[in-house]
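K.L.:
One structure follows; several queries about it will come next.
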Amino acid sequence: SLHDFLANEYPLLDANEQRLFRSLLSEELAEMIAGLHRAGCENRDLKATNLILANPIENLRERGIVDLFLIDLEGVRRLGFIPRFRRERDITRLHLSLLMRAEFHHADRARFLTRYQTHFGESGWKRAWRRLTRSTERRLVAASKSGKTIH
């Protein structure tokens, strides 16, 4: 999973490869999630453990790509039009699963939001970032109060 790769294999990349990986990952995530949302689907279980990378080091070094796949599709529902609040809820779930990963930097998150927003005619990643931060904080507080673990 993406989670396992970040914990175990990402540290084996040199600094330039890490930068390239983060940039490509941000863009690939934005494309994948925007495609899901444009198709009228939401994913109530969007997290790093449900994303798989195909041959990540080999693909990065030899082809300059990140091949990313979504697994565990039980949380995917087709609703037709996905309003912004539902799209942002999906992104919040993913953000929470990557929150403690130091490998995914602020600039990578901004790159993701900027790329994602272009698919919906939106701009201003800073406003989206503030909404994402508030939503994340609410989820963290709720999880803490209920004793749930976020992963």
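Just so you know, all these numbers are worked out from the coordinates, no wet-lab data involved. The structure presented is a predicted model; accordingly, all values stated were derived computationally and were not measured. Don't worry about glycine lacking a Cβ; one is built from the backbone with ideal geometry, like all the others, and counts go over all protein chains shown.
K.L.:
Taking the Kirkwood radius as the inverse of the mean 1/r across Cα pairs, report the Rg/Rh of region 2-146.
P.N.:
Working: Rg = 15.0 Å, Rh = 15.7 Å.
My calculation puts Rg/Rh at 0.95.
K.L.:
Tell me the angle of helix 125-146 to the major Cα principal axis of the chain, expressed in degrees between 0 and 90 and rounded to the nearest ten.
P.N.:
The helix 125-146 is inclined about 80 degrees to the chain.
K.L.:
Could I ask something else about it? Amide H to amide H, which residues 5 or more places from F120 or on other chains are under 5 Å from it, using H placed in the peptide plane?
P.N.:
none
K.L.:
For the Cα atoms of the chain, what angle does the longest principal axis make with the long axis of helix 84-98, in degrees from 0 to 90, nearest 10?
P.N.:
40
K.L.:
Restricting to Cα pairs below 8 Å that are 6+ residues apart, what does the relative contact order work out to for the chain? Please round to a whole percent. Write down the numbers at each step before the final one.
P.N.:
On the way: 169 pairs, mean separation 42.2, N = 151.
With pairs under 8 Å counted, the relative contact order is 28 percent.
K.L.:
By how many degrees, 0 to 90 and rounded to 10, does the Cα axis of helix 106-118 deviate from the longest principal axis of the chain?
P.N.:
Taking the Cα atoms of the chain, the angle to 106-118 is about 60 degrees.
K.L.:
If you find the alpha carbon centre of region 72-138 and of region 3-45, how far apart are they in angstrom?
P.N.:
Region 72-138 and region 3-45 have Cα centres spaced 12 Å from each other.
K.L.:
Once you place label points 7 Å from the Cα toward the Cβ at D45 and L79, how far apart are they in nm?
P.N.:
Rounded to a tenth, the inter-label distance reads 1.8 nm.
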